[in-house]
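Structure record follows, encoded as structure tokens.
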């Protein structure tokens, strides 16, 4: 997924469960700024974007991830699976929340810590149905 765009509206595809009413509870309260990046309009349900070009993209309603070997980090009470295979672009996905939320971010523009600190309180509203059992630094 590309993180850039030239138009004022960011064109995105909705996630499979974007119509889940709980996604509306998340996206209705998206902040105007994330780590200094201004919010932009998107053309897909249950999404958000910040920056021009978009440096942060949020999608609610993605398929909840299963067990993973990827690192898991807890921020604001939300477990996030971190995929940095496409660094400097990271994909972080909420774990143990249904519906799941995925955030793409460009770490050359924004801090992953700042982004997750800002968005985790919204994602924490989603029902918890699991948690990461292995975390960095634990056996």
Output ordering of 73-79, 90-96, 102-108 (per-residue mean of other Cβ within 10 Å, highest first) is 90-96, 102-108, 73-79
antiparallel share of DSSP beta bridges within the chain, to nearest 5, in %, is 95 percent
For the chain, the longest principal axis of the Cα atoms and the Cα long axis of helix 112-123 enclose an angle in degrees, to the nearest 10, of 80 degrees
Per-residue ellipticity at 222 nm attributable to helices in the chain (runs of n ≥ 4 DSSP H, -39500 (n - 2.57) apiece, nearest 500 deg cm²/dmol) works out to -4000 deg cm²/dmol
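Every number in this text was worked out from the coordinates using simple rules, so none of it is lab data. For clarity, every value in this text was computed on a predicted model and none was experimentally measured. No Cβ is skipped: glycine too gets one built from the backbone with ideal geometry, and neighbour counts run over all protein chains shown.
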